[in-house]
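Peer 1: Pasting in a structure now, in structure tokens, and then I'll have a few things to ask.
The values are calculated or read from the model by the stated rules, or taken from the named source; none is laboratory data. Computed from a predicted model, the values in this text were never measured in an experiment. A quick note on method: Cβ atoms are made from the backbone with ideal geometry, for glycine too, and the neighbour counts reach across all protein chains shown. Note: accessible area is taken over every heavy atom of the protein model, side chains too, but ligands, DNA and RNA are not part of it. Shrake-Rupley method; radii C 1.70, N 1.55, O 1.52, S 1.80 Å.
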Amino acid sequence: MNDLPDRRLLFVHAHPDDETINNGATMAKYAAEGALVTLVTCTLGEEGEVIPPGLAHLAADRDDALGPHRIGELSSAMDELGVTDHRFLGGPGRYRDSGMMGTPQNDVPGCFWQADLDEAAGHLADVVMEVRPQVLVTYDGNGGYGHPDHIQAHRVAMRGAQLADRRGHRIERIYEICYPRSVVQAGFDRLAAAGRDFPFEGVASVDDVPGVVADEFVTVAVDGAAYADAKTAAMRAHASQIAVDGPFFALSNDLGQPFFAVEYYRQVAGAPPAADGAGRAGDLFGSRA
Ligand SMILES: [Zn+2]
């Protein structure tokens, strides 16, 4: 394809909502700047816990209709972020949500945790060959917090990059999603200082946030402040999974967490990053933006 935009990024995520929580501002920013932002989501998130009582019947242990519902939520979220290229790995419903680690859902045939790695990575490599991204973003090797689908998404992303390399497209930079510990702590301090009642049951802590790392491991900080509203709107679109209250939000554990409009990345492969004075770049493509 000769008509691709100059800058192209690929985000690989486990469930609908992960992309918005972790990279929503980044995706909106690059899309607004004319870059091609491609999202590959590996499952429909069928096993997610449902927050609004009115949607509780969709849950896997009731109607088991959450997957199709979350396709719609993801589509609305992508509209809010201005992202037009979003796909499901191997097509919608090809891989089922594997549930939390240690649950019987991990063993269900057809779940993502049971997927053949090279087959799944082959689907991703097809996407890579089509959109030829310079940048790949996914989770760390523990999937940020040990969820089997997040771990598998990391494996598929790394293996997919390898397979695409063999087919003739080398991704220039690969990043893991991360959160610098000092930033997360400051976020929770803000939450504590807000001193008002939240609709959440309690407050999370730094250790509840997936992918927290020591500050010095962070390679890139993407300032998405101009896209904070778009990220918030996209989070609201994932209404079955996320409760938003001002600059804070909660997942199905109903513990309040701070919202971040600056998003952080740790480069794990590719060309050396361009660092600013603080040793961190502002751009995933390696320019000193
Ligand atoms: Zn997830």
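Peer 1: Exactly one of (1) more than 16 Å from the ligand (Cβ to nearest atom); (2) in contact with a helix residue (DSSP H, G or I) (Cβ under 7 Å, 6 or more places away or on another chain) is unmet by residue 57. Its number?
Peer 2: (2)
Peer 1: Could you please find all residues in the stretch 28-54 being over 25 Å from residue 148 (Cα atoms) and either within 16 Å of the ligand (Cβ to nearest atom) or open to solvent by 40 Å² or more (accessible area, probe 1.4 Å) (or both)?
Peer 2: 32, 33, 34, 53, 54
Peer 1: Mind listing whichever residues of the stretch 215-268 are touching a Cys at 6+ places or on another chain (Cβ under 9 Å) and open to solvent by 30 Å² or more (accessible area, probe 1.4 Å)? Break it down stepwise before answering.
Peer 2: Filtering the stretch 215-268 down to residues touching a Cys at 6+ places or on another chain (Cβ under 9 Å) leaves 217-219, 264-266.
Selection gives 217, 266.
Peer 1: Residues of the stretch 132-145 being open to solvent by less than 20 Å² (accessible area, probe 1.4 Å) and out of contact with any strand residue (DSSP E or B) (no Cβ under 7 Å at 6 or more places or on another chain), which ones?
Peer 2: Answer for the stretch 132-145, where residues must be open to solvent by less than 20 Å² (accessible area, probe 1.4 Å) and out of contact with any strand residue (DSSP E or B) (no Cβ under 7 Å at 6 or more places or on another chain): just 143.
Peer 1: Let me ask something else. Going through the stretch 92-119 one residue at a time, which ones are open to solvent by less than 30 Å² (accessible area, probe 1.4 Å) and within 18 Å of the chain's Cα centre (by Cα)? Lay out the reasoning, then the answer.
Peer 2: Within the stretch 92-119, the subset open to solvent by less than 30 Å² (accessible area, probe 1.4 Å) is 95, 97-99, 106, 111-112, 115.
Passing the criteria: 95, 97, 98, 99, 112.
Peer 1: Yes or no: residue 127 within 21 Å of residue 31 (Cα to Cα) and either in contact with a strand residue (DSSP E or B) (Cβ under 9 Å, 6 or more places away or on another chain) or within 16 Å of the ligand (Cβ to nearest atom) (or both)? So that I can check it myself, show each step before the final result.
Peer 2: Values: within 21 Å of residue 31 (Cα to Cα): yes; either in contact with a strand residue (DSSP E or B) (Cβ under 9 Å, 6 or more places away or on another chain) or within 16 Å of the ligand (Cβ to nearest atom) (or both): yes.
Answer is yes for this residue.
Peer 1: Is there a residue being modelled with pLDDT under 95, open to solvent by less than 30 Å² (accessible area, probe 1.4 Å) and at positive phi anywhere in the stretch 187-204?
Peer 2: no
Peer 1: If the requirement is being assigned to a helix (DSSP H, G or I), within 16 Å of the ligand (Cβ to nearest atom) and of a type in the set (A, V, I, L, M), which of these qualifies: 164, 157? Give the steps one after another, and end with the answer.
Peer 2: Details: 164 fails: within 16 Å of the ligand (Cβ to nearest atom).
Exactly one residue qualifies, and that residue is 157.
Peer 1: Which residue, of 149, 85, is open to solvent by less than 60 Å² (accessible area, probe 1.4 Å) and within 16 Å of the ligand (Cβ to nearest atom)? Steps first, answer last, please.
Peer 2: On the way: 85 fails: within 16 Å of the ligand (Cβ to nearest atom).
Sole residue among the options that is open to solvent by less than 60 Å² (accessible area, probe 1.4 Å) and within 16 Å of the ligand (Cβ to nearest atom): 149.
Peer 1: Sticking with this one: Give me the residue from the stretch 43-54 that is in a loop (DSSP other than H, G, I, E, B) and out of contact with any helix residue (DSSP H, G or I) (no Cβ under 8 Å at 6 or more places or on another chain) and, out of that set, farthest from residue 121 (Cα to Cα). Working first, answer last.
Peer 2: The first filter runs over the stretch 43-54 and keeps only residues in a loop (DSSP other than H, G, I, E, B), leaving 43-52.
Going one step further and asking which of them are out of contact with any helix residue (DSSP H, G or I) (no Cβ under 8 Å at 6 or more places or on another chain), we end up with 49, 51-52.
Details: 49: 27, 51: 32, 52: 34 Å.
Only one residue tops the list, namely 52.
Peer 1: Conditions: (1) open to solvent by 40 Å² or more (accessible area, probe 1.4 Å); (2) within 25 Å of residue 35 (Cα to Cα). Residue 127 meets all but one. Number of the miss?
Peer 2: The number of the failed condition is (1).
Peer 1: Just checking: which of the strands (runs of 3 or more DSSP E) contained wholly in the stretch 193-264 hold 3 or more residues that are of a type in the set (A, V, I, L, M)?
Peer 2: Values: elements: 220-223, 243-245, 248-250, 255-258.
It comes to 220-223.
Peer 1: Please go through the stretch 1-26 and pick out each residue that is more than 10 Å from the chain's Cα centre (by Cα) and either within 16 Å of the ligand (Cβ to nearest atom) or crowded, with 23+ Cβ neighbours inside 10 Å (or both).
Peer 2: Of all residues in the stretch 1-26, those more than 10 Å from the chain's Cα centre (by Cα) come to 1-10, 25-26.
9, 10, 25, 26, listed by residue number.
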